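Here is the structure we will look at, set down as structure tokens.
The values are calculated or read from the model by the stated rules, or taken from the named source; none is laboratory data. Nothing here was measured: the structure is a model prediction, and the numbers come from that model. Glycine gets a Cβ as well: all are built from the backbone with ideal geometry, and neighbour counts include every protein chain shown.
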Amino acid sequence: MDEMAEKLEVDALDFRLRHLSDSRAVAVLEKLAAVSGWHQQGEPDGVHGMGLGFGRYKNSAGYCAVAALIRVDQNVTVEKVWAVVDVGLVVNPDGLINQIEGGIVQSLSWTLKEQVKWDHDGITSRTWEDYPIIPFSEIPAIEVHVMHRPDCQSLGSGEVAAGPVPAAVANALFRAIGIRARHLPLTIERVTQLVWDAQ
């Protein structure tokens, strides 16, 4: 979506809104724009970038829109994540927010760190040292906003954040340094190689 928006020289969020007929999807994205300050972000500075991702879990469950603010220097660092979810009637608001926060952290871990490595003998990632996960020190500020839909059927949240988070981070990377990443995790080694390949 972002690549099409870029070719048309249209804002990535506005492009999505132009092509959505689902009023609940539109509402989630509009709320994300408001809480994240999407339209107030400045021009790319080669270090910081904000990106977004959106999805409806399994095409029939909860809606989730995510914006991520990142910094690219010695590493790709996610500084803040905003999420807006619509899962219909919410029975346990705290439980839902916990579910979304956990999904964001898990998704950030595989977006930035996690990868199984192997050689001709098989898998070589057999310890936590060989399979890094995101540490507490790298977990960003997270804001979760829940749409109030008491008159709607409960849709379920599941892993609603799993798709939008990596998309938001990868789109933020493009916004920051102008390079499109197509493989995870976004380690500094991989990003550095992408920069070299683009020259």
**Request:** Mind listing just one residue for me: the one in region 155-199 that is under 22 Å from residue 131 (Cβ atoms) and acidic (Asp, Glu) and, of those, surrounded by the fewest Cβ atoms within 10 Å (Cβ to Cβ)?
**Result:** 189
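Give me the residue from region 123-148 that is part of a loop (DSSP other than H, G, I, E, B) and touching a strand residue (DSSP E or B) at 6+ places or on another chain (Cβ under 6 Å) and, out of that set, farthest from residue 184 (Cα to Cα). Step through it out loud before you land on a result.
Applying the first criterion (part of a loop (DSSP other than H, G, I, E, B)) to region 123-148 yields 124-135, 139-140, 147-148.
Narrowing further to those that are touching a strand residue (DSSP E or B) at 6+ places or on another chain (Cβ under 6 Å): 124, 140, 147.
Numbers: 124: 18, 140: 19, 147: 30 Å.
Top of the filtered list is 147.
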**Request:** Show the residue pairs that are 6+ apart or on different chains and have beta-carbon atoms under 7 Å apart, the first residue being within region 128-144 and more than 20 Å from residue 34 (Cβ to Cβ) and in contact (Cβ under 8 Å) with a residue 24 or more places away in the chain, the second being surrounded by 14 or more Cβ atoms within 10 Å (Cβ to Cβ) and not hydroxyl-bearing (Ser, Thr, Tyr).
**Result:** 133/113; 133/114; 134/105; 134/108; 134/112; 134/113; 139/105
**Complete:** Checked against (1) under 22 Å from residue 43 (Cα atoms); (2) at pLDDT below 95, residue 167 satisfies every condition except (2)
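Do we have any residue at all in region 117-133 that's hydroxyl-bearing (Ser, Thr, Tyr), more than 18 Å from residue 68 (Cα to Cα) and surrounded by 16 or more Cβ atoms within 10 Å (Cβ to Cβ)? Spell out the reasoning first.
Residues of region 117-133 that are hydroxyl-bearing (Ser, Thr, Tyr), as a first pass: 124-125, 127, 131.
The next check asks that each one be more than 18 Å from residue 68 (Cα to Cα); those that pass are 124-125, 127, 131.
From what's left, surrounded by 16 or more Cβ atoms within 10 Å (Cβ to Cβ): none.
No, the conditions are met nowhere in region 117-133.
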**Request:** Just need a number here: residues in region 149-183 that are in contact with a Leu (Cβ under 7 Å, 6 or more places away or on another chain) and assigned to a loop (DSSP other than H, G, I, E, B).
**Result:** 8
**Request:** Could you grab me the full set of residues in region 2-57 that are out of contact with any Leu (no Cβ under 9 Å at 6 or more places or on another chain) and aromatic (Phe, Trp, Tyr)?
**Result:** none
**Message:** Can you report the number of residues in region 134-153 which are surrounded by 14 or more Cβ atoms within 10 Å (Cβ to Cβ) and over 16 Å from residue 101 (Cβ atoms)?
**Reply:** 3
